[in-house]
1. With each label point set 7 Å from Cα along the Cα-Cβ vector, what nm distance links residue 189 and residue 278?
2. Relative to the compact globular guide of 2.2 N^0.38 Å, what is the alpha carbon radius of gyration of the stretch 230-327, as a ratio?
3. If you stretched the chain out fully between residue 26 and residue 46, how much longer would it get, using 0.36 nm times the residue separation minus the C-alpha to C-alpha distance?
4. Report the relative contact order of the chain, percent, no decimals, based on alpha-carbon pairs under 8 angstrom and at least 6 residues apart.
5. Rounding to the nearest 10 and keeping the result within 0 to 90°, find how far the Cα-based axis of helix 55-65 lies from the longest principal axis of the chain.
6. Considering Cα pairs under 8 angstrom that are at least six residues apart, work out the relative contact order of the stretch 1-157 and quote it in whole percent.
7. If you stretched the chain out fully between residue 102 and residue 242, how much longer would it get, using 0.36 nm times the residue separation minus the C-alpha to C-alpha distance?
8. As an exercise, use a Förster radius of 35 Å and the Cβ-Cβ distance of residue 91 and residue 271 to find the FRET efficiency, rounded to the nearest 0.05.
Ligand code: UFG
């Protein structure tokens, strides 16, 4: 009775491993370490280094460890890169999920919790975004995640593999004990970039566009704490283990913060100047993405505790100060 966490050495995966172990699950991490970090893997988790597209490897690990459920984070996740190299995203994300589902089907594994994204909605038709808001991805990354959701839907119909797709909004923050945090190369996300500027590792933050149709002209996002997000995966697994049907949930806070507001809050939290300049818009950025997380609260009983921008920035800042060069 073990849970396979695919991509468990990555930023979100490693935090979810912590949450699953805290709940008492036996965890097997599978990660190819292309973007993940060995140091991020919990000492109580078993670790297999390998690629989810390698079916023989996956079959052997699943059989040896008696895998009964899967939590799937293993994917490429850079929006910009996905536009210039879409085939990488269809191969790693879509094909990797196909192999995972084949292995699950062959071995009779019935539960998968899946890391999806607000990028499946594209430029949303309504705010806050509900799970019923039409999906219309604007880049191959979001498209690949929507394709993965659809593969799971059809595998549920055909083989009874039940899934929960968790559509994350903007995930940030770090574990409260600062043992793990966000370390990407290259870094593209706003919160770590702001904190690298606070540490003096970057000269300044570039604000990508100040002419959006928002109160201060900069893009609005919904920031969710990685520890709360991880807890939602534990609840989703529990939901499936209790025999519930496949489902999709948004994970966010229902509150939007602009890029300028995030920089301002980071100046307060860090007491650093954090120079910022206005730069051109980044291609493909929707102006506003704010979730309605009501369904996750009602159905899964999700109760975010740390999802406010001050706590998100404080925990991320503690991680960045204690790991100025990452892992
Ligand atoms: N931004 C800047 N300067 C920077 C970096 C970001 O102004 O140096 C802005 C972006 O333009 C955006 C906001 O800060 O308006 C947040 O950008 P992030 O790159 O941190 O996050 P995104 O909203 O682009 O993307 C995140 C995830 C994606 C996911 C998407 C939608 O990183 O994987 O949310 O769910 F697809």
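Read-outs throughout are calculated quantities, based only on the coordinates presented, and are distinct from any laboratory measurement. Since this is a predicted model, take the numbers as computed values, not measurements. Cβ atoms come from the backbone with ideal geometry, glycine included; neighbour counts cover every protein chain shown.
1. Distance between label points: 2.8 nm.
2. For the stretch 230-327, the normalised Cα radius of gyration is 1.38.
3. Computed gain between residue 26 and residue 46 is 6.4 nm.
4. Reported as a whole number, the value is 19 percent.
5. 80
6. 21
7. 48.1 nm
8. 0.20
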